[in-house]
Amino acid sequence: MSAMSVALPRPARALRLELKRNAVPYLLPLLAAVFYFDTLRTAAGFPPIWTQRASVIPNHMLLEFSVFAGGMAAWAGSREGRRKTVDLVRTTSRAAWARLSVALAGTLCWLLLAFLAGVAVVYIQTALRATWGGPPLWPVFVGATGVVVVTVVGFAAGVFFPGRFTAPLVAIGVLVLNQIGFRAALGITAPGPTSVLPSPPTSAPYGLLSPATGAPLIDAGVYYHVAPDLAITQVIFMGGIAVALFGVLGLAVGLHELAWAGGRRRMRAAIARSDGWPYRAVAVLLVASGVAASWTGLALAGTAKLTATGGWEIPALHSAASDQSASAAQDCTSSPGFQVCVHPAFGFYLHHVATALDPLAAEIAGLPGAPVRATEVASVSGGNVVQSGIAGNPPVFEFTAERVGNLFGEFYGLPDPAAWASEFQQGLLEAFLAGPSQSASPAGTQLGAAQLAVADALLAAIGSQPMAPSNSGQSALKSGPATVAEMSAAARRFAALPASARHAWLAAHLTALRAGTITLTQIP
Amino acid sequence: MTTTSVLEQSAVPAGTERRFPAGIRLTWLHLRSRHVPGGILALAACGALLRATLYWHWTFNSGPYAQLVPMIIAAGAAALIAVTAHSPFGEVERASGRWLPYLRLFTAIALTGVAILALQSGAVGEHLNEGVLALARNVIGFTGLGLLCSLVTGGLLAWILPMGYMVFCEYALLQAWRAPWTWPVRPPADRGAWICASVIFAVGLLLLTVIGPRTQLSDDS
């Protein structure tokens, strides 16, 4: 040892040795490969919205870390039993708890380091593309707590059942438990047929304690802050389990002795051993605290209520500040007579939206009810799902990040950009031709045969795809006896007219067209 | 006392006069040294877990997620089989065990059969998404991966690769990958998936038989 070297304290030296000999680093290449395929590629498929991208941490990353964290912790925990050195190390001056804690800390350090490195990669990837907001920290806390609790569970299993099958059995158990929790969580948070809002946790509040759940709304955390209530509850619940099991580890030696104690006298002697009382008292305290914390988490989850913005509120933890809307000036782009505005978080597709809507807006400019602006609004307001439509004076076409016309849930990531743009155009046209009297329904605006023909003609005039019957809501029901061929013929006739003639006809007949009194044969 | 009684004493230790044929005894000792009885119990536990998930509807009934839990349990069963490849004797056994390769082959095949039987028993009378054929194929393929992994990591850590590949398959399942090498997510009638799984199993079995798992004396159990 050189004179220059600094002597570390004993626990630090033990930890350094543990870090050097731990098996987790050998696992990191495999973990990195799984992380790349599962977490990183999934995150890359989401829009660059912080809340969306951060949802991969509890939903994907925690799953893949859980498998290896549980298994490798069981491997580390079973070391003494596996190598049959329990009796040998029991004679050392250190308490068993201190010895086990070092092994647990070494495993946990590596796993948390790898986990945080993964989080950093996801967040750097998001930061490079996100146009607004910052990295949410609560998903990281939940994920890290999940890794900790799985590691402690695996380690405890390894200590108490030091067999060769313990590690794979823990890995299977953790994965199956994750899936059961995921199903319970989706049972609560699954959107209904007409709603993107989850249903209240009446029957299974424990489902809310599962870190794995469905992807949040696309604009979650954009217009309103995401309340951390649920994340805090999950951290309390999982942290409680981890603390309780750590306490149980402190009682490991005593429990082993009790398990093998034959006869009342020997059992009494095992209980009354005076050398480990301070440790045992602390361990019992930890077990009690952990159980209390977990029970508190479970009880808190049972009191969860839906907020008006689509999140979860737990009254005992809720802060009114998290209900405030997140103010941000919209990003806008203007063309003559028409302006398109989106939330800055969605600024990455502002010009795509404008490119899609500008030609159509020019076609209908100046007509009664023609929008002068398209603006993006929150997808949930007052507890209700917001549909796209035209409202206000001057008229404004409002759409949300979740819905435009009949397009729902595929707002981002459509494989065909032309089809994506076409959906925007159709959403605007449907709202315009249906008129303000017909409110938009979740099933889509219902257009008549003549309205569909005019819409197709206007779309053809700007070089876009015609409306497919499936894209026009229940228009087929309203179109009555008119056949697709008749509608196509009328659309072709109208599209063949000069733009000024189309505009003049629409100016004269728009009210009748919206009222449904124009027939296909009346379209020039 | 004279030495006569000592010289006349049987060479067979007391209590073992009634001996089984050497082959059976050797096989039994091999299986015990690999904790195969415990492994069979663990496989039975996997079957029971599958039954519990299906009976109490802990998992999804349809859609891609419905395949996940059976796939996890199949990968877990394969991981348990791979773990039984570990030998506590290491080099000594390799040097003296003439029948060792055949015993390894027999053990791996027999345990794969037991795993398939246990999981299929667990699914009897319940709705299993993609059916028992896909389950059997997945057990075969994951076992092949586990046996291959045991050549590198040793038997005790051979559970890592099947479980890691299973996590990757979760992504492949949700992304609807169709490549044959993602056999766990393919339908039971997919010939390419069967070929891939069978080839992996055959290669794993062959290499395990010929080379044997990596031995690390420090990890005796």
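A short reminder: the numbers here are calculations on the coordinates, not readings from a lab. Predicted model, so just to flag it, every value in this text is computed and none were measured. Note that each Cβ is placed from the backbone with ideal geometry, even for glycine, and that neighbours are counted across all protein chains shown.
Some observations on this one:
- With the highest mean first, a sort of the peptides A:232-245, A:278-291 on other beta-carbon atoms found within 10 angstrom per residue produces A:232-245, A:278-291.
- For B:Leu119, the shell of other residues with beta-carbons less than 14 Å away shows a net charge of 0, using +1 for Lys and Arg and -1 for Asp and Glu.
- Annotation for the range A:58-131: trypsin sites (Lys or Arg not before Pro) lying in DSSP loop with at most 15 further Cβ atoms inside 10 Å of their Cβ are A:Arg83, A:Lys84, A:Arg94, A:Arg129.
- Working from label points 7 Å from Cα in the Cα-to-Cβ sense, the A:Ala117 to B:Trp177 distance is 2.2 nm.
- Number of partner chain Cβ atoms within 10 Å, mean per residue of A:21-30: 2
- For a 4.7 Å threshold on C-beta separation, the list of partnerless cysteines in the protein assembly as shown reads A:Cys109, B:Cys46, B:Cys149, B:Cys169, B:Cys196.
- Total formal charge among the other residues, if their Cβ is under 13 angstrom from that of A:Ala354, Lys/Arg +1 and Asp/Glu -1: -2
- Average beta-carbon neighbours from other chains, 10 Å sphere, peptide A:170-181: 6
- Per-residue shielding of B:46-59, expressed as the average number of other chain Cβ atoms within 10 Å of the residue Cβ, stands at 2.
- Of the trypsin sites (Lys or Arg not before Pro) in the range B:64-165, those whose Cβ has at most 11 other Cβ within 10 Å and which sit in DSSP loop: B:Arg98
- Whole-angstrom gap from the range B:148-167 to the range A:132-156, using each part's C-alpha centre: 26 Å
- Annotation: peptides A:396-405, B:118-127, A:135-144, ranked by per-residue average of other Cβ atoms within 10 Å with the highest first, follow the order A:396-405, A:135-144, B:118-127.
- Over the residues of chain B, the helix contribution to mean residue ellipticity at 222 nm works out to -21000 deg cm²/dmol, using -39500 (n - 2.57) for each DSSP H run of at least 4.
- Ordering of A:350-361, A:484-495 by packing is A:350-361, A:484-495, highest average first (other Cβ atoms within 10 Å, averaged per residue).
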